[in-house]
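Accompanying notes for the structure given below.
Computed from the coordinates by the stated procedures, all read-outs in this text should not be read as laboratory data. None of the values given here were measured: they were computed from a predicted structure. Here Cβ is always computed from backbone atoms with ideal geometry, including for glycine, and neighbour counts include all displayed protein chains.
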Amino acid sequence: MSKLIFPDGFLWGVATASYQIEGGVTQDGRGESIWDRFSHTPGKILNGDTGDVACDHYNRYKQDVQLMKELGIKGYRFSIAWPRIYPQGRGQLNRKGIDFYNSLVDELLSSGIEPAVTLYHWDLPQALQDMGGWDNRDVANYFADYAFKMYDVLGDRVKIWITHNEPWVVAFLGNAFGIHAPGYTDFALAVRISHNLMLSHAKAVQAYRQAGGKGGQIGITLNLTPVYPASDNPEDMEAVRLVDGGQNRWFLDPVFKGEYPEDILALYQEKLNAPVIKDGDMEFIADHPVDFLGVNYYSRAVVKKGRETDFEHVRPEGVYTEMDWEVYPDGLYDLLIRIDRDYNSPDIYITENGAAFKDDKVADDRIDDQDRLDYLKAHFEAAHRAIHDGVKLKGYYVWSFMDNFEWTFGYSKNFGIVHVDYDTMERTPKKSALWYREVIGNNGII
Ligand code: IFM
C-alpha cells in the first residue's frame, strides 16, 4: 500500500464524555444528573455499575492531559457536565464547576492540544427532568442560557463547539426504547423530544453568534448509520428509506435544510401526532446554520422488509466488535460521500469512531489490541479516500481516549486506546495508542 498522507493541519484527536469518565459526582457542588438517577436504579445497568467514580478524571485530569501530550494527540473532544455548572440546570451558578473546565482547557492549551467542547453529552440536570426534561420547551431555553455562559467563560480559548451529541440516542434510546436515561418507552414522546432537541440546538447556535463567536466554529454531532438493502427487491429498498429516514435524514435535514423529511414527518404525524412544531420553529432552525457537522460512525445497517413489519435488521457475515457491531469501513466512505453530495459539502469532523474489543491479550507487558488498531487503520483509510474524493473532512477524534463507563453496559465494554485499571486507576496506553502516535506524527499512514 502506498503512503496515505492527510491534509496539512488535519486535526487528530481523541474523544470522551463527562459522565463516562469524570466520576466525582458529588464533588464541589455538582448537582444530580439523569444518569446518576438512572444508573442507581436497580436493573438498569449491567452489574449495577455507575459513573460515581468512573475513571476519576475529575481528580486526574492533569495526568490524563499529560498522557495525551505524550501520545502526540492534537485535539481533545470532551463534554461539559451541565449539572457541574448549574446544579439545578438553571439559576444558581456553581463557580467550582466553571473552575474545573477552565483549568482543563488551560492544561490542554499549555500542552499544545486543541480543545473541542460538547455542551450536551446526555447528563441532563435531574431538576430539569423533574419538570419534564426535553419534552418541556423551556428546557431548550435553559440549555441556551447554559451554553451562553460557557461561551462567555471558555470562548476566548475554545474554538470548536458542539451543541448536542447524538440527538437520536437522546430522544429514542432514552424515551422510546427505555435503555438510556431517563428510561421511558413512549415513541411519540421521543419524536416530540427530537424536535425540542433541534430547537435547543438552534437556540444554542444563536447564543453562540450572540456571544460573538470569538473566531470559533459551532456544529452538532449526529450518530449516522449508512443503511443498505439486503437485496435489490423494492420492498427492501423501501425498508432502507424508512430506516435511513428515521435515523439519518430526520436529523440531517433540519440541520442543513431547516425542514424535516416529508415522508417521515407525514408518518410520525399520522401515527403519533408528533412532533409538535409551533409557528416559526422551522424558520428559526433554518436561520441558525452550523459551521460544521460532527459525524459519529461505528457501523452500518442492513435491512429488509419484515414478515409482519415494515423493516427488520439483517446480520451480515463479517467481523464484529464486542458491541456486536459489524466492522464495515466502507460505510464510513459511503456516508461521508453521501453527506457531501446531499447536504452541500459541509466541513466535517469525525467526532467519534472506534471499537470495543476485549483486550486482555498482554504481550511483553503491552496491551496488544491489534483488532482495535486494524479497525482504526481501515477507517482512517476510508476517511482518506473520502478526502481524496472531495469531502471536506477536517479532523478525526478516536473514541475513546481511555476505557470508560459504556452506559447500559457499565464497565464491560472497552473502547479506549488507553487501558484503565479500575482498581488502581492506572492508565496504560495500548498498542493502538502507540500506533496512533505514529500516525499523528506522520500525519498519515506510511
Ligand atoms: O460511548 C458512546 C458515546 O458516549 C456516544 N457514541 C457511541 C459511544 C460508543 O457506544
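Looking across VAL327, VAL302, VAL314, VAL295, one residue alone is in contact with a strand residue (DSSP E or B) (Cβ under 9 Å, 6 or more places away or on another chain), under 21 Å from VAL14 (Cα atoms), surrounded by 15 or more Cβ atoms within 10 Å (Cβ to Cβ) and touching a residue at least 60 places away in the same chain (Cβ under 8 Å). It is VAL295. On the stretch given as the range 347-368, residues that are touching a residue at least 40 places away in the same chain (Cβ under 8 Å) and either of a type in the set (Lys, Arg) or within 16 Å of the ligand (Cβ to nearest atom) (or both) total 12.
For the range 277-325, a residue qualifies if it is of a type in the set (A, V, I, L, M, F, W, C), away from the ligand (no atom under 16 Å from the Cβ) and farther than 26 Å from SER345 by Cβ, and the qualifying residues are ILE277, VAL302, VAL303, PHE311, VAL314, VAL319.
With respect to the numbered conditions (1) surrounded by 20 or more Cβ atoms within 10 Å (Cβ to Cβ); (2) among the small types (Gly, Ala, Ser); (3) touching a residue at least 60 places away in the same chain (Cβ under 8 Å), which one is the sole condition not fulfilled by GLY416? Tallying (1) surrounded by 20 or more Cβ atoms within 10 Å (Cβ to Cβ); (2) among the small types (Gly, Ala, Ser); (3) touching a residue at least 60 places away in the same chain (Cβ under 8 Å), GLY416 fails exactly one: (3). On the given criteria, is TYR333 more than 16 Å from the ligand (Cβ to nearest atom), under 20 Å from the mean Cα position of the chain (by Cα), surrounded by 15 or more Cβ atoms within 10 Å (Cβ to Cβ) and among the hydroxyl-bearing types (Ser, Thr, Tyr)? Judged against the criteria, TYR333 is a match. In summary, no helices (runs of 4 or more DSSP H) completely within the range 1-91 bear 3 or more residues that are β-branched (Val, Ile, Thr) and away from the ligand (no atom under 16 Å from the Cβ). Does any residue in the range 159-177 that is under 20 Å from GLN206 (Cα atoms) and basic (Lys, Arg) come within less than 6 Å, Cβ to Cβ, of a residue that is more than 14 Å from the ligand (Cβ to nearest atom) and assigned to a loop (DSSP other than H, G, I, E, B) six or more places away or on a different chain, and which pairs are these? Pairs that qualify, where the first residue is under 20 Å from GLN206 (Cα atoms) and basic (Lys, Arg) and the partner is more than 14 Å from the ligand (Cβ to nearest atom) and assigned to a loop (DSSP other than H, G, I, E, B), are LYS159/GLY216.
Taking the criterion of being of a type in the set (Ser, Thr, Tyr), free of Cβ contacts under 8 Å to residues at least 60 places away in the same chain and not in a helix (DSSP H, G or I), would at least one residue in the range 98-115 satisfy it? Scanning the range 98-115, I find at least one residue that is of a type in the set (Ser, Thr, Tyr), free of Cβ contacts under 8 Å to residues at least 60 places away in the same chain and not in a helix (DSSP H, G or I), so the answer is yes.
Of all residues in the range 116-147, exactly one satisfies the criterion of being within 30 Å of GLY9 (Cβ to Cβ) and part of a helix (DSSP H, G or I), namely ALA147.
Filter the range 131-157 for residues that are of a type in the set (A, V, I, L, M, F, W, C) and crowded, with 21+ Cβ neighbours inside 10 Å; which is nearest to LEU109 (Cα to Cα)? Residue satisfying both the conditions and the ranking: LEU154.
With respect to the conditions (1) among the hydrophobic types (A, V, I, L, M, F, W, C); (2) crowded, with 24+ Cβ neighbours inside 10 Å; (3) part of a loop (DSSP other than H, G, I, E, B), MET425 falls short on a single one, namely (2). Restricting the range 392-401 to residues that are of a type outside the set (Ser, Thr, Tyr) and within 12 Å of the ligand (Cβ to nearest atom) leaves a set whose member that is farthest from GLY43 (Cα to Cα) is VAL398.
No other residue among GLY174, GLY219, GLY246 is crowded, with 20+ Cβ neighbours inside 10 Å and either closer than 17 Å to LEU267 by Cβ or touching a Ser or Thr at 6+ places or on another chain (Cβ under 7 Å) (or both) apart from GLY246.
Which pairs do you get when a residue that is touching a residue at least 40 places away in the same chain (Cβ under 8 Å) and farther than 13 Å from ILE387 by Cβ, found in the range 3-23, comes within reach of a residue that is among the aliphatic types (A, V, I, L, M) and away from the ligand (no atom under 16 Å from the Cβ), reach meaning Cβ atoms under 6 angstrom, with the pair 6+ apart or on two chains? From the range 3-23, the pairs are LYS3/ILE446; TRP12/ILE440; VAL14/ILE73. Which of the residues that make up the range 406-429 are within 11 Å of the ligand (Cβ to nearest atom) and touching a Ser or Thr at 6+ places or on another chain (Cβ under 8 Å)? Matches in the range 406-429: GLU406, PHE415, GLY416.
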